[in-house]
Amino acid sequence: MSIRDKAKEYFFRYSYIETTIVIVSFLGIGYAIDPEDIFMLNMDFSFLAIILAVITLFHGISSGFLAMLILAIVMHYAYAEFQYFYYLKEFILVMIYGEFHYYWNRIINQQNTENKFTREKLSQLSKAFYMLKISHDQIEKSYVVKPMSLRNSILEIKENHERDKSSNYYQEFLQLLQKTLNIEYAFLLTVEEYENMSVLVQTDSSETIDTKDLLIKDSYRKQMSLYVSTDGAYSGSKYLASIPAMIKGEIIGMLVISEMPFMSFNKDNLISATILVNYMFNEMKKMEIMKTIDNFLPLFQSNFRFESYRLHHLNKNFATETTMLLFKSHNKLSTHLLIEVIKKNLRTLDIMSTIKSENFEIIAILFPFADASSVDGFVERIYDKADIKDDTKHVRHTSISIGDIALIEEFIEGVK
């Protein structure tokens with residue numbers, strides 16, 4: 001980071017200091033020009049209006065109020081009569097600038113939030129796609145010996161842990177890594193910060209981890225996977241590879257490989273290990289969150305509930321709009337046709353879930369960052385392709401904002 005960027009970050013963080021410096025500088029210049037008129041009121045051009053506009057638009061209304069407070073104190077002592085008209089005119093402008101700053105920053109925050117969610121979703125889908133590729137390669141290489149795909153194996157470990165809390169999710173996962181990638185000795189670490197790394201599981205109970213090792217330290221600092229072959233500086237390391245697992249730009253776990261056969265220590269296996277470790281820690285984090293939201297749309301499938309919860313949270317904090325489209329069908333054939341057509345028309349980010357009842361079935365589709373009006377075209381396409389009339393009595397639909405959870409629960413009321 002350059003000196004200029006550091007100075008900019010410093011002043012943005014300490015906006016009140018910058019505001020005070022700018023206002024005092026302006027008053028100092030005014031005093032140097034005319035001690036009797038330090039606000040330069042007699043000039044044709046108002047420099048103060050420009051300064052207040054820049055301060056308020058850049059830092060917000062709180063900095064604008066601070067500037068006005070300093071100006072009020074100085075004006076009280078610098079002029080024989082307080083210039084109420086001039087002061088109130090500038091104060092109103094500060095409030096207008098502050099309102100503009102608020103709405104502008106709210107739009108920026110919404111866009112950044114949507115962009116961040118999309119990037120995270122793309123990362124998850126990329127990992128899932130790579131998992132599928134790894135699974136396909138594994139089946140292709142040894143279908144007779146290992147007919148179950150790697151992704152299914154991880155899913156089974158996850159489901160087993162959800163059924164039986166006493167099962168060691170991490171131990172089973174590490175054993176899967178051993179068999180799949182031919183790893184002999186390794187550690188799985190949980191990471192809160194560099195000084196607080198602890199071993200979750202390890203292949204050899206007699207071996208101890210050295211978190212001060214240069215390979216592990218640099219892997220944590222650079223937030224990237226490092227191997228002994230990537231840099232000669234790590235030739236003295238006790239470990240072959242250090243692979244961090246990251247969520248939202250923070251390292252939450254790490255796989256450290258200490259021994260691995262030479263022929264297995266290759267680029268493909270290390271990339272596979274990186275994807276698998278990140279996928280595993282993401283799934284574990286998701287399970288931890290799911291434990292805390294038992295009452296949130298409990299009848300839907302877990303992945304749908306998780307994504308709905310995230311988008312509901314974003315809606316509450318950043319006012320990002322997300323719509324849930326709900327179909328209630330009392331006819332089995334119509335339900336089958338709807339599900340079939342909907343699956344073919346879902347976008348990458350859209351998620352579908354269903355609830356079955358004795359008398360009807362609910363089909364829910366989540367549209368991230370889309371309002372109700374944008375969902376209307378989707379409904380028309382679905383009805384048209386499923387050959388269902390919009391005025392039919394056995395199929396009803398509604399689109400509800402993710403913020404109105406009470407309305408969603410009321411629509412699905414009656415499901416047992």
## Note on the structure
Listed by first then second residue, the pairs whose first member lies in the stretch 315-337 and is farther than 17 Å from I382 by Cα, whose partner is small (G, A, S) and crowded, with 22+ Cβ neighbours inside 10 Å, with beta carbons under 9 Å and at least 6 positions apart or on separate chains, are T322/S308
#### Entry: Filter pass, N269 being over 19 Å from the mean Cα position of the chain (by Cα), part of a helix (DSSP H, G or I), in contact (Cβ under 8 Å) with a residue 12 or more places away in the chain and surrounded by 15 or more Cβ atoms within 10 Å (Cβ to Cβ)
yes
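In the stretch 227-241, is there at least one residue being open to solvent by 10 Å² or more (accessible area, probe 1.4 Å), over 25 Å from T180 (Cβ atoms) and part of a helix (DSSP H, G or I)?
There is at least one residue in the stretch 227-241 that is open to solvent by 10 Å² or more (accessible area, probe 1.4 Å), over 25 Å from T180 (Cβ atoms) and part of a helix (DSSP H, G or I).
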### Query
Could we say that S334 is within 19 Å of Q301 (Cα to Cα), of a type in the set (S, T, N, Q) and more than 33 Å from the chain's Cα centre (by Cα) here?
no
### Task
Please list, ordered by first then second residue, the pairs with beta carbon atoms under 9 Å, 6 or more apart or interchain, first in the stretch 196-210 and among the acidic types (D, E), second open to solvent by 40 Å² or more (accessible area, probe 1.4 Å).
D204/E184; D204/Y185; D204/E259; E207/Y185; D210/K238
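Across the stretch 213-243, what is the number of residues that are modelled with pLDDT of 85 or more and out of contact with any helix residue (DSSP H, G or I) (no Cβ under 7 Å at 6 or more places or on another chain)?
Total meeting the criteria: 12.
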### Message
Suppose the filter is at pLDDT 90 or above, part of a loop (DSSP other than H, G, I, E, B) and surrounded by 12 or more Cβ atoms within 10 Å (Cβ to Cβ); does F304 pass it?
### Response
no
### Query
Within the group I339, I388, I363, which residue is touching a helix residue (DSSP H, G or I) at 6+ places or on another chain (Cβ under 7 Å), farther than 19 Å from T320 by Cα and not in a strand (DSSP E or B)?
I388
### Message
Contact list please: Cβ distance under 7 Å, first residue in the stretch 395-416 and in a loop (DSSP other than H, G, I, E, B), second residue exposed (fewer than 15 other Cβ atoms within 10 Å of the Cβ) and modelled with pLDDT under 90, pairs at least six apart or on different chains.
### Response
G403/K316; G414/S357; V415/S357; K416/S357
### Query
Among (1) open to solvent by 20 Å² or more (accessible area, probe 1.4 Å); (2) part of a helix (DSSP H, G or I); (3) among the hydrophobic types (A, V, I, L, M, F, W, C), where does A53 come up short?
(1)
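Would you mind finding the one in Y170, Y103 that is of a type in the set (F, W, Y), assigned to a helix (DSSP H, G or I), crowded, with 18+ Cβ neighbours inside 10 Å and modelled with pLDDT of 75 or more?
Y170
Part of a helix (DSSP H, G or I), of a type in the set (D, E, K, R) and in contact with a helix residue (DSSP H, G or I) (Cβ under 9 Å, 6 or more places away or on another chain): does that describe E36?
Taking the combined requirement at face value, the residue does not satisfy it.
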### Query
Cβ-Cβ below 6 Å, separation at least six or inter-chain, first residue in the stretch 79-98 and under 15 Å from V54 (Cα atoms), second open to solvent by 50 Å² or more (accessible area, probe 1.4 Å) and of a type outside the set (S, T, Y): which pairs?
Y97/L57; G98/I61
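The values are calculated or read from the model by the stated rules, or taken from the named source; none is laboratory data. Nothing here was measured: the structure is a model prediction, and the numbers come from that model. Cβ coordinates were reconstructed from backbone atoms using ideal geometry, including for glycine residues, and neighbour counts include every protein chain displayed. Accessible surface areas use protein heavy atoms only, side chains included; no ligands, DNA or RNA. Shrake-Rupley method; radii C 1.70, N 1.55, O 1.52, S 1.80 Å.
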